[in-house]
Every structure is written in C-alpha cells, then in structure tokens.
Amino acid sequence: MKKIFIAAICLLAMLIAGCGDSPANTHGEKFVIGLDDEYAPIAFHNEKGELVGFDIDLAKEAAKRMGVEFVFKPIDWSKKKEEITSGNVDMLWNGTDITEERKEYMIFSKPYMDNRQIILVKAGNKQNVRTLSDLEGKIVGTQAGSSSENYINDTKDLRKTFREFKTYLNFKEAFADLNSGAVDVLICDELAARYELSKVPTKFDIVEMTIGAVCEIGIGFRKDDTELRDRVQTVFDAMIKDGTARQISENWFQADLIKYKR
C-alpha cells in the first residue's frame, strides 16, 4: 500500500508539472542569442538596468514554449558574422535585416516584420535635408554593421559627397552625437528612430525618405543549424496564430506590425 501511495504522489506531481502553459526545461537546453543591447525598442536596458524590448519579449515567449533557456549576450553588431559562425552565439534575434550578404553565412526564420532606413536630423532641420543630394558636405552617421552602412559603402558616388562618414557601436551613441551636433545627419532604422521620437518628440525630425530597399526582419541562425531554426519557427508560427505576437507588437508599437503572409 505504501508503494502504491508513493507512486500515486509521483504521478500527481508529474501531472501538476504538465498543467502549465509551457514545458519545463527538463533537459537543461540553453541557447545563446547575440544582440545589440542598446537598440531600443528592440532590445535595451530600462531605468532599472533590466534588459527589455520587443524582440526580448518575443524570444522569452518562444523559449518558454520550447521548454529551453535563452541567454542574451551583447555583441559588437559589426562582428555578428564572426559571432554566429564561430558558435559564440546560436541566434541573432535583434531586428536583424534579411540580406543577400547575410544569407551567405546565416539561415533565417520566416520574416516577421518590415523595416526601412530613414534620415534623422535635429529638430527644425536647419541643414535643410530633403533628398539624398542634400547630404553633400554633411557629416553623416549610422550604426556600424547595419544595412545603412552597407548601403552607403556600396553607393560610393553618394558617400564621396559627404564631408565625413561616421559609424557608431549603437544608436544610443549616434543619437547623442546628433543631439550635440557632432554629426549632421543620421541614417537609421525607422523602428529605432520613431521610438526615440516617442520619448522626446521635440529633439529630432524624421525626413520622410527611404534609404535603399525596404528590408524584412528575421531571426538568424548558423548556416547548418536547420534543426534549431525549425524548432523556433514552429513556436513562432503558433505565437502568430494565437495572437501572442500581435499583442507583443501592440505593447511596444501601439500597432500590429507582425507580418502574416507566409
């Protein structure tokens, strides 16, 4: 009778453990996500020093559903190729633009958002920047390793008109230099620019112009890691289907920016 009672208690404990919304991390699986941790609102530190953001919330929900642990590791975004190919990180989940150049060393999830590169200037636009030709003689900045930097480096006729071209470790530093006047113009992700404006709307102006092509955002994985990519994609698809991804988008952007077409 005692053995039967103990067995019943064990079975009850197993059933209780399985009643949650997500599987427990019983195998101790851990995956490292590489990111720029000063890329608001995608991933950044709040006033308490906590790592928060749109992609952070998406990743945490995916990890919970997979029953694994995701570890967030800040990296130099300009060295993301070395980080992912060396195995230092397992994923790049950080508003990562899907580009042909990146496809050479990564595989991607399905795109889940769109992004474009725009121009940001100090409020009042005293530089009178309206078109790309107005960048002539200006000090232009962007994030190192970004789609913006790639576009400028590939468009040599445009770059040579600049007085100077500066790159930054992250947009936090770039915004500070634009505010101080150390740079005249920033070319940056629209998501980052609009979030910055939502906090201090009188500091900067957006010049409504798309630089280069509109990009799709996805999660990057090592070239041969199709198994992990497919596992993450399965739970992400479920998050889209049940509305969780939409809710997270609305929490951060007050709009549903999730791509639904597959």
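With a probe of 1.4 Å, find how much accessible area the stretch 179-241 has per residue, and write the answer as a whole number in Å². Let's see the in-between values first.
Numbers: 2840 Å² over 63 residues.
Dividing the accessible area of the stretch 179-241 by its residue count gives 45 Å².
What 222 nm value per residue comes from the helices of the chain, counting each DSSP H run with n ≥ 4 as -39,500 (n - 2.57) and dividing by all residues, nearest 500 deg cm²/dmol? Walk me through the numbers before you get to the answer.
On the way: 10 runs with 98 residues, N = 262.
Only helices count here, giving -11000 deg cm²/dmol.
Place a point 7 Å from the Cα of residue 131 along the Cα-to-Cβ direction; which residues of the stretch 197-224 have their backbone N under 14 Å from it? Only 209-210 fall inside the zone, counting backbone N under 14 Å.
Where in the stretch 110-154 is the amide nitrogen less than 19 Å from a point lying 7 Å along the Cα-to-Cβ axis of residue 101? Once the point is set 7 Å along Cα→Cβ of residue 101, 115-119, 140-154 turn out to lie under 19 Å by backbone N, inside the stretch 110-154. Please check which bits of the stretch 43-63 a label hung off residue 247 would reach, taking the label as a point 7 Å along Cα-to-C-beta and the cut-off as backbone N under 13 Å. Correct set: 58, 61-62.
Counting only protein heavy atoms and using a 1.4 Å probe, the accessible area of residue 198 comes to about 80 Å². Using only the alpha-carbon atoms, how far is helix 2-17 inclined from the longest principal axis of the chain? Give it as 0 to 90 degrees, nearest 10. The answer is roughly 20 degrees. Think of the chain as having a plus end and a minus end, set by charges on the Cβ of Lys, Arg, Asp and Glu; of 220, 108, 62, 62 sits farthest toward the positive end of this dipole. Quick one: work out the % antiparallel among DSSP beta bridges in the chain, nearest 5. So the antiparallel bridges in the chain amount to around 60 percent. Across the chain, the convex hull enclosing all Cα atoms gives 146 Å³ per residue.
Using a 1.4 angstrom probe with every protein chain in place, what is the largest-first accessible-area order of 109, 180?
Working: 109 10, 180 85 Å².
Final ranking, largest accessible area leading: 180, 109.
Compute a Gaussian network model of the chain, connecting alpha carbons closer than 10 Å, and tell me which residue from 43, 213, 174 fluctuates the most. Maximum among the listed residues: 213. In this view, the solvent-accessible surface of residue 85, computed with a 1.4 Å probe and all protein chains in place, comes to about 80 Å².
Compared with the dominant principal axis of the Cα atoms in the chain, helix 171-180 is inclined by about 30°. Bridgeable lysines around residue 156 (alpha carbons under 29 Å apart, same-chain partners fewer than 8 residues away excluded): 79, 80, 81, 103, 122, 126, 138, 166, 172. Shown are 194, 163, whose ranking by accessible area with a 1.4 Å probe and every protein chain present, most to least, is 163, 194.
The values are calculated or read from the model by the stated rules, or taken from the named source; none is laboratory data. Because the structure is predicted, anything quoted here is derived from the model rather than measured. For neighbour counting, all protein chains shown are included, and Cβ atoms are generated from backbone atoms with ideal geometry for every residue, glycine included. When the accessible area is computed, the model is the full protein with side chains, heavy atoms only, and any ligands, DNA or RNA have been set aside. Shrake-Rupley method; radii C 1.70, N 1.55, O 1.52, S 1.80 Å.
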